[in-house]
Number of protein chains: 2
Amino acid sequence: MSEITAKITPPQDFDTLRAAILERKGELPKRLTQVAAYALDNPDEIAFGTAASIAQSADVQPSTLVRFAQQFGFDGFSGLQLLFRARLRERTSSYEERLRALEQDGAALAESTTIFNGFIAAAHRSVDAIAAAVEPDAFERAVTLLANAATIYLIAKRRSYPISSYMAYAFGKLKVRCQLVGTSAGIDDDLLAMATPDDAAFAISFSPYASESAAQARTLAARGIPVVSLTDSAFSPLAECSREWFEVVEADHAGFRSLSASMAFAMALTVSIAEKRRRG
Amino acid sequence: MSEITAKITPPQDFDTLRAAILERKGELPKRLTQVAAYALDNPDEIAFGTAASIAQSADVQPSTLVRFAQQFGFDGFSGLQLLFRARLRERTSSYEERLRALEQDGAALAESTTIFNGFIAAAHRSVDAIAAAVEPDAFERAVTLLANAATIYLIAKRRSYPISSYMAYAFGKLKVRCQLVGTSAGIDDDLLAMATPDDAAFAISFSPYASESAAQARTLAARGIPVVSLTDSAFSPLAECSREWFEVVEADHAGFRSLSASMAFAMALTVSIAEKRRRG
DNA sequence: GTCAATGTGGAATGTTCATTCCAATTGCGG
DNA sequence: CCGCAATTGGAATGAACATTCCACATTGAC
């Protein structure tokens, strides 16, 4: 009983699999062709369903699904299904695929190159994520709120400080009055004591949240000063005391995050506010 | 044994569930709060994983996941998981709609939305540009140079200051000695006078170039201290006095630039340096 | 028309998984 | 400090599942 089907290595990503299916579609037996057509037409079903449910939809037996997967070098149906799931995960950020292509050369790459590519990919994903997460209406409300403020207080400590410092720089250029809170010790609270309900605040804080930022935001909110915030989780203490808040999930590489997406958001907010003021 | 938990009907869609979780996050026990945070921060994991794998990631027991789901009226964990899957199915289409709206450019859109989309697109382009522009070998050389320095001096003024300030923050966490130059008036030159050829400098400057940054970099270079720089043009005064220099062209929107690509580069450099040191 | 080879359906199997249950622990009110 | 209730961890359970296997059907060759 000589094994004809030499052990082929299965496709590693969805596109390769798709190409392989299309290529062999003609030479496949009837039922397997049926599965092939169904798989390419209903990839989402394959990703989420169970073998039994998919088999029913495609009008074949579960065992046929297994045979189909084995035709393409997988151990069983589950291995093939993983590729369909991965596709769904990465559809938003196709950069994962690009990165994996980069990493395939990876053995020969210097570690610094791997790290660099990782941060580039993370930046892309982060920007995609914030583009999807920010609701235009909420953004517009936040802009209006801040544009109407006499002075905008920018609250940020530690990791988020670079963002607010860039906003302060840009506001300066744009002739929008703002006050950076979070620089050096002590004077912060005195500064904030001067804020009135005619003003507004923009607070930024990422996990692990600096307790002063949250406390300051809460204090301002309690005094009737509207707070807009940028944070990385709905569980942030900032979320609950803000009129409007936005979530930015900076993808990380090896546990470190760049601020790429936050920076883009911050500049969009800054310029939008200035523009709204200019127009009256 | 009177049943207290009257049979509540579970949320029917993801947004409702999300709202319910946020609403009750305060009154939930510790482990369930942990699950709540994990679920909202890693929805994709919930959608695809098995109860066991998710439990491990979230650092709880599988049974806790079931209890969590039951808190919100589901029979078990599987019912809750369905909502996370449905969300993923729908997200793809809504994200594509968003991109289409982005390209249609603005008829009915609020101005802030146009600006926001513009900065998102600019961030994408910038990151692509720097990924293409940075040569791995040069990057590796720069990392080596800076990793060997006793103290790393970070020179940046104005627009580039937020980047160096984030690097300084990260270096602090990573236990890499560095000195931020460019904060307040006067003391800069005194600081730099202490630098020796065992040290190194990383300078950042974008057009219009702050004259002090260029002058400081030149002075250091003349004293035999290696300088690495990040700038936006080959004509930058920094380029000529640097051992290694990198070009980042931040795409702009309406004349304003975010620092998205520079931030990604800076973090890649920072982490690479720390990693190289750690490995000896 | 017969035989062999290939393809197919469906039951049987063994594994993985969600769920349940109970004991141990923690936190809280007295 | 004690006792009770709520919460938690982890093993036990039973259901759902992918996979395998075998009998049967179909196809194509001689």
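The values are calculated or read from the model by the stated rules, or taken from the named source; none is laboratory data. Just so you know, these numbers come straight off a predicted model, no measurement behind them. Every residue, glycine as well, gets a Cβ built from its backbone with ideal geometry; the counts of neighbours run over all protein chains shown. What goes into the accessible areas is simple: the full protein's heavy atoms, side chains included, and nothing from ligands, DNA or RNA. Shrake-Rupley method; radii C 1.70, N 1.55, O 1.52, S 1.80 Å.
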DSSP bridge pairs, region B:131-278: antiparallel proportion in percent, nearest 5: 10 percent
Normalised contact order of region B:131-278, rounded percent, pairs of Cα under 8 Å and 6 or more residues apart: 27 percent
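Evaluate the charge dipole of the protein assembly as shown about its Cα centre and quote only its size in Debye, nearest 20, assuming +1 on the Cβ of each Lys and Arg and -1 on the Cβ of each Asp and Glu.
Computed about the Cα centre, the dipole is about 520 debye.
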Copies compared at residue A:12 - label distances in nm, ascending, label defined 7 Å from Cα in the Cβ direction: 4.6
Shielding of B:155-163 by partner chains, average beta-carbon count, 10 Å: 3
Whole-Å semi-axes of the ellipsoid equivalent to chain A (Cα gyration tensor, √5λ, descending): 53, 20, 16
With DNA, RNA and ligands ignored, accessible area of residue B:194 (1.4 Å probe; Å², nearest 10): 130 Å²
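Assigning unit charges at the beta carbon (Lys, Arg +1; Asp, Glu -1) and nothing else, what dipole magnitude in debye, to the nearest 20, does region A:14-90 show about its Cα centre?
Computed charge dipole of region A:14-90: roughly 120 debye.
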Positive-end residue, region A:14-90 charge dipole about Cα centroid, Cβ charges, pick of A:64, A:36, A:17: A:64
Cβ-vector label at 7 Å, residue A:277, separations to other copies in nm: 4.0
Label-point separation, residue B:175 to residue B:52 (7 Å along Cα→Cβ), nm: 3.8 nm
Span from the region B:52-74 Cα centroid across to the region A:43-83 one, whole angstrom: 28 Å
Per-copy distances of the residue B:222 label point, shortest first, in nm (7 angstrom along Cα→Cβ): 5.7
Cα Rg, Dmax (largest Cα-Cα span) when computed across region B:14-86, Å: 10.7, 28
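What accessible area per residue, rounded to a whole number of Å², is obtained for region B:130-280 using a probe radius of 1.4 Å?
Solvent-accessible surface per residue comes out at 41 Å².
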Cα convex hull volume per residue for region A:134-278 (Å³): 100 Å³
Rg over Rh, two decimals, the protein assembly as shown (C-alpha only, Kirkwood Rh): 1.01
Largest-first ordering by accessible area, 1.4 Å probe, given options B:50, A:33: B:50, A:33
For A:132-145, mean number of other protein chain Cβ atoms within 10 Å: 3
Residue A:187 accessible area, 1.4 Å probe, all protein chains in place, Å² to nearest 10: 90 Å²
DSSP beta bridge pairing in chain B, given as percent antiparallel to the nearest 5: 10 percent
Shielding by partners, peptide A:231-240 (average Cβ within 10 angstrom, other chains): 3
Along principal axes, Cα extents of region B:195-280, largest first, whole Å: 44, 30, 17
Per-residue SASA entry for residue A:41, accessible area with 1.4 Å probe, Å² rounded to 10: 120 Å²
Fluctuation leader among A:66, A:143, A:134 - chain A, Gaussian network, Cα springs under 10 angstrom: A:66
